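Notes for the one structure printed next.
The values are calculated or read from the model by the stated rules, or taken from the named source; none is laboratory data. Note that the coordinates shown come from a computational prediction; the quantities given were computed from them, not determined experimentally. Ideal geometry is used to build each Cβ from the backbone, glycine not excepted, and the neighbour counts take in all protein chains shown.
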There are 4 protein chains.
Amino acid sequence: MSTVNSITERDNALFEAGIKLGALYHQFTGSPVNLKTVQSLEKAIAESISVQPFVENISVRIDRDLIRARLNNEFGYCELEGRMLDVVLNMRYGNAMVKATMRFNRELDYPLMKIEEISDIV
Amino acid sequence: MSTVNSITERDNALFEAGIKLGALYHQFTGSPVNLKTVQSLEKAIAESISVQPFVENISVRIDRDLIRARLNNEFGYCELEGRMLDVVLNMRYGNAMVKATMRFNRELDYPLMKIEEISDIV
Amino acid sequence: MSTVNSITERDNALFEAGIKLGALYHQFTGSPVNLKTVQSLEKAIAESISVQPFVENISVRIDRDLIRARLNNEFGYCELEGRMLDVVLNMRYGNAMVKATMRFNRELDYPLMKIEEISDIV
Amino acid sequence: MSTVNSITERDNALFEAGIKLGALYHQFTGSPVNLKTVQSLEKAIAESISVQPFVENISVRIDRDLIRARLNNEFGYCELEGRMLDVVLNMRYGNAMVKATMRFNRELDYPLMKIEEISDIV
């Protein structure tokens, strides 16, 4: 048995926040990167996602220490991995605001996407 | 001014639904495809997304007519485009259920991701 | 100083072989996968790349042991990584044949793409 | 019947050139973009591919007119498509140099990857 609920601005803000983080992850992980190019990749990812609907703002930070740790092979570059990403995303849908993050969680050994805060503009 | 709200199972179900659709879109669009291979691509996409957390079930349908329309070039294949996808996704987070879809919207000329239904298991 | 050379079928066969392996890698790595879904992913990757120009045949094998090793997190799935892939690709351009592979190289700690054999159909 | 040939620096330069163009295409097409963000995406793509082995230099240009043509929907952005890309890539493997391009070919209606020049450093 289930009860059906109407769909609110808050619901849509959360759904859209998820879409953006899922998109970011699967579009850009795998990109070749090293310490000289990490900054242009951060900027391009943030700007790319920022053009999508309902994004108020987004910050993208890639873990340089982890890049450095990956550069032990002889080729001098690695790939962007989910665990390198630290993303803070603010979404607005109507009067609903959602802050969501993607950040590597060491206990779970997992690049965790998480709702940080939901608020209403009043 | 804003008021802060606590985060519910419903919120998480919606956020997770968005993640899956954003991931699906940006992971698999661009894949080479033709009419002989469309079925294995549909199956792989559905199975791939189904292993992610909180997915109850997912169906993926790729528009054969649109593939056919793209095959006018001399190479006999095209790429998977967002507008070819018809996806129905059911998510469960605790007692919250969300049904979400991705489907090409002709009026908007856009592969629209949409919350179709939110319900509680009681 | 350099000397310019004319472009042969052999040259094109090698160039096209590289295109296919680069495409495969960057299209499909990152796909969610587990032991139940690995077979449909292998099949979809092989069929997808097979529709591209000049591909005679392709085999794609994903390392189940490495998937198993990645499933230590609580979520029961992982992502397709380059090092999981074992690909054998045969290309034909005119009378030139190229066999190329992508295979994890333990010494280099790198998913190496390599020309295995070049031959002419006589 | 076939005859087997030994593998030269020229062969490897061509194979590696193909890898880079295939990688570029399937890594970055699908990225959300508009006229304000196109420059950072161009820069990130060029820098990302430039870190890979054997790349001497690369230039990436995205067609602003085509972006403009795609912005008719109500959302104010589009996705990077293969046909928007104009890429010039110079590779070096030992003493072999290869210049390769990816450029939309209107007659074929196809984003064509092509060997432009092969030369030896003498």
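In table form, for the structure just shown:
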| quantity | calculated |
| --- | --- |
| Search result, residues across the range B:14-40 that are over 17 Å from residue B:54 (Cβ atoms), more than 7 Å from every other protein chain (Cβ to nearest Cβ) and surrounded by 24 or more Cβ atoms within 10 Å (Cβ to Cβ) | B:28 |
| Lone unmet requirement of (1) among the hydroxyl-bearing types (Ser, Thr, Tyr); (2) in contact with a helix residue (DSSP H, G or I) (Cβ under 8 Å, 6 or more places away or on another chain); (3) not in a helix (DSSP H, G or I) for residue B:25 | (3) |
| Residue in the range B:80-98 that is out of contact with any strand residue (DSSP E or B) (no Cβ under 8 Å at 6 or more places or on another chain), modelled with pLDDT of 95 or more, within 12 Å of chain A (Cβ to nearest Cβ) and over 21 Å from residue A:27 (Cα atoms) present | yes |
| Candidates B:15, B:28, filtered to the one that is out of contact with any strand residue (DSSP E or B) (no Cβ under 8 Å at 6 or more places or on another chain) and within 22 Å of residue A:27 (Cα to Cα) | B:28 |
| Tabulated pairs, the range A:47-62, first farther than 14 Å from residue A:93 by Cα, second surrounded by fewer than 18 Cβ atoms within 10 Å (Cβ to Cβ) and aliphatic (A, V, I, L, M), C-beta under 8 angstrom, 6+ apart or interchain | A:58/A:88; A:59/A:88 |
| Restricting the range D:101-122 to residues that are more than 17 Å from residue D:29 (Cβ to Cβ) and within 7 Å of another protein chain (Cβ to nearest Cβ), the residue that is farthest from the chain's Cα centre (by Cα) | D:122 |
| Qualifying positions in the range B:80-108 - of a type in the set (S, T, N, Q), more than 13 Å from residue B:21 (Cα to Cα) and part of a strand (DSSP E or B) | B:105 |
| Output for the range C:93-108, where each listed residue is among the charged types (D, E, K, R) and surrounded by 14 or more Cβ atoms within 10 Å (Cβ to Cβ) | C:99, C:103 |
| Residue list for the range D:59-74, filter: outside any helix (DSSP H, G or I) and at pLDDT 95 or above | D:59, D:60, D:61, D:62, D:63 |
| Of the criteria (1) in a helix (DSSP H, G or I); (2) buried (at least 21 other Cβ atoms within 10 Å of the Cβ), which one residue A:113 fails | (1) |
| Complete set of residues in the range D:1-22 that are among the hydrophobic types (A, V, I, L, M, F, W, C) and outside any helix (DSSP H, G or I) | D:1, D:4, D:7 |
| Members of the range C:55-69 found to be buried (at least 19 other Cβ atoms within 10 Å of the Cβ) and over 12 Å from the mean Cα position of the chain (by Cα), listed by number | C:67 |
| Count - residues of the range C:4-13 that are facing chain D (nearest Cβ under 7 Å) and either without any contact (Cβ under 8 Å) to a residue 60 or more places away in the chain or not polar (S, T, N, Q) (or both) | 4 |
| Selection from the range C:41-55 of residues that are out of contact with any strand residue (DSSP E or B) (no Cβ under 7 Å at 6 or more places or on another chain) and within 14 Å of chain D (Cβ to nearest Cβ) | C:53 |
